[in-house]
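To start, the structure under review is shown below, and the notes come after it.
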Amino acid sequence: MTRRKFSREFKLEAVKLVTERGVTVAQACRDLELAESVLRRWMREATAAPATAFPGNGQRRADLAEIAALKKEVAKLRAERDILKKAAPFFAREAT
């Protein structure tokens, strides 16, 4: 079974069904053929950060992009540290 993808507009309209039009979550999910957990997550995301909710098309929120970049840098620095740890005994023997 392939994973369904929804546009930003679809998600916003689904949230509006519940928040502005008074449709129950259960009814909206039946009408849109969604799981309740999906719609409730969309509602949380839309209320937490309405302007940046559902960026779509592989775009990340700025804070998530920064976290990913920092994780990449940490991995690189750890690799460099590990190389230096392994090389230290070698250079200590050469110096004596």
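The values are calculated or read from the model by the stated rules, or taken from the named source; none is laboratory data. Remember, it's a predicted structure, so these values are computed and weren't measured experimentally. With ideal geometry, Cβ positions are generated from the backbone for all residues, glycine too; neighbour counts draw on all protein chains shown.
A few remarks follow.
- Note on segment 1-23: among residues that are basic (K, R) and modelled with pLDDT of 90 or more, the one that is farthest from D63 (Cα to Cα) is R21.
- So F6, is it touching a residue at least 40 places away in the same chain (Cβ under 8 Å), within 16 Å of the chain's Cα centre (by Cα) and surrounded by 12 or more Cβ atoms within 10 Å (Cβ to Cβ): no
- For segment 24-75, filtering for residues that are assigned to a loop (DSSP other than H, G, I, E, B), modelled with pLDDT of 90 or more and either in contact with a strand residue (DSSP E or B) (Cβ under 7 Å, 6 or more places away or on another chain) or within 20 Å of R3 (Cα to Cα) (or both) leaves 3.
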